[in-house]
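Below is one structure, written out as C-alpha cells; comments come after it.
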Amino acid sequence: MMAFVVGVAMTAQFVGASNASASTVPRPVITSALTKFDSNPVTKTARAQCPAGTRVIGGGGRVNGGQHVVITRQQPVHSTVDTFVVSALEDQVGTPQFWAVQAYAICSVPLPGLEIVSATGAAGSSGFQGQNADCSPGKNVLGVGGRINHGAGQVSLNTQALFPQRASAGGVEDHDGFSGLWSVTTYAVCANLNSVFDSRVVSVQTATDTTARKIFTIDCPAGMNLTGGAAFTGSPGAVVEVVSPDTTRVQVIARFDGTVTPADTWNVVGYAICAL
C-alpha cells in the first residue's frame, strides 16, 4: 500500500530580508484551467488565463490521476492574454486510468520592467540535465517555469528558484533511462521591485527516506504574497506531480514511480517565491 508523508519538512530556509514599507507587488490573483479526465490522448495541455488588465508573474501545475504521467512543461507566456501553460505526458508504460492536467496562473497588475527570460541547454542524454536563466541586472525573479524538449515522457520536469534573480529547471530520466537526445528550457519571470529585499525565496526540504509519496506546503512570511512556486527532486524514479499555488503558500506533491526499496531513499525540495 502506498505510504504518504504529510508535513515532512525538515528545513526551511529564508533568503532575503525586507526593509521596505510599501507593497511593490499588490496581492496577486490566481486562476486555473483543467483538461478533461479521460485516458486519451497521451499528452495533455492546460492553459490558465490571467484576467484582463493583469500579467502573469508565476504559476504551477498538477497531474490529477495517472501513475505513469509526468509534467513536462510549466511555461509563463506574455501575450495579448497572458497565460501559464502546463503539459503532461504519459511515459513509455502508459496508463489506462483517466487523468487530467491542471494549470495555475499567478497574475498581477503590470509591474515595472516585467519580462520573461528564457534559456535552453544543449541537447544530451545524461540522467540529469539542468539550465539556469538569469534576470536582467537589478531585477528580481518572481516566477519560475521550465520545459522538457523531446523527452518522450521518460524525462520529468523539476524547477528551482534561487534568490534574488535566478531560475533553474532540470530534467530527470526515469529508472530505465532514455536513449534519445533531450534538452531543458528554463523561464524566469522578472521585474523591478522597490528593493532587492522586497522578495524572498523560502525553501523546504523533506526527509530523505523511502516514503513513496511526499506532500507538504511552503508558506510565505507574514505580510508577503506568493508570486511563484517550484519543486525539485534529482532522484531517478522520483516525479514532481503537483506545484499548487495559493495566495500565501504553495503545496508540493511528489511520488516515486515503481516499487520503493531501501536503496531508493529520496527527497524533494519545494520553493515559495514571496514578495511584499
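Hey, what did segment 97-179 get for relative contact order, percent, Cα under 8 Å, at least 6 apart?
Dividing the mean separation by the residue count of segment 97-179 yields 28 percent.
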query: Which FRET efficiency value, to the nearest 0.05, is calculated for D176 and S79 with the Förster distance at 45 angstrom and r the Cβ-Cβ distance?
result: 0.75
- line: In this structure, the FRET efficiency calculated for S126 and Q92 from their beta-carbon separation, with R0 = 25 Å, to the nearest 0.05, is 0.85
message: Run the numbers for T261 and V42: contour at 0.36 nm per residue of separation, minus the present Cα-Cα distance, in nm.
response: 76.0 nm
statement: Most exposed to least, judged by fewest other Cβ atoms within 10 Å, H150, H68 sort to H150, H68
- prompt: When every alpha-carbon pair in segment 212-272 is counted, what percent end up more than 18 Å apart?
  reply: 36 percent
query: Using only Cα atoms, what Kirkwood radius does the chain have, in angstroms?
result: 18.3 Å
- request: Starting from the amide H of H175, placed 1.01 Å from N in the peptide plane, find each other amide H under 5 Å away whose residue is 5 or more places distant or on another chain.
  value: G237
- request: Would you grab the residues whose amide H sits under 5 Å from the one on G59? Only those 5+ places off in sequence or on another chain, please, with H modelled 1.01 Å from N.
  value: I106, V144, G229
- request: Could you list R147, R166 in order of exposure, starting from the residue whose Cβ has the fewest other Cβ atoms within 10 Å?
  value: R166, R147
query: Which ³J(HN,Hα) values, rounded to whole Hz and listed in residue order, are derived for segment 84-96 from phi using the Karplus coefficients 6.51, -1.76 and 1.60 in 6.51 cos²θ - 1.76 cosθ + 1.60 with θ = phi - 60°, glycine and proline given as x?
result: 10, 9, 10, 10, 9, 9, 5, 7, 5, 7, x, 8, x
query: Using θ = phi - 60° and the Karplus form 6.51 cos²θ - 1.76 cosθ + 1.60, what ³J(HN,Hα) does each residue of segment 142-148 get, whole Hz, x for Gly and Pro?
result: 10, x, 10, x, x, 8, 8
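FYI, it's all coordinate maths here, none of it is from the lab. Being a predicted model, the structure only gives us computed values, none of them experimental. When we count neighbours, we look across all protein chains shown, and the Cβ atoms used for this are built from the backbone with ideal geometry, even at glycine.
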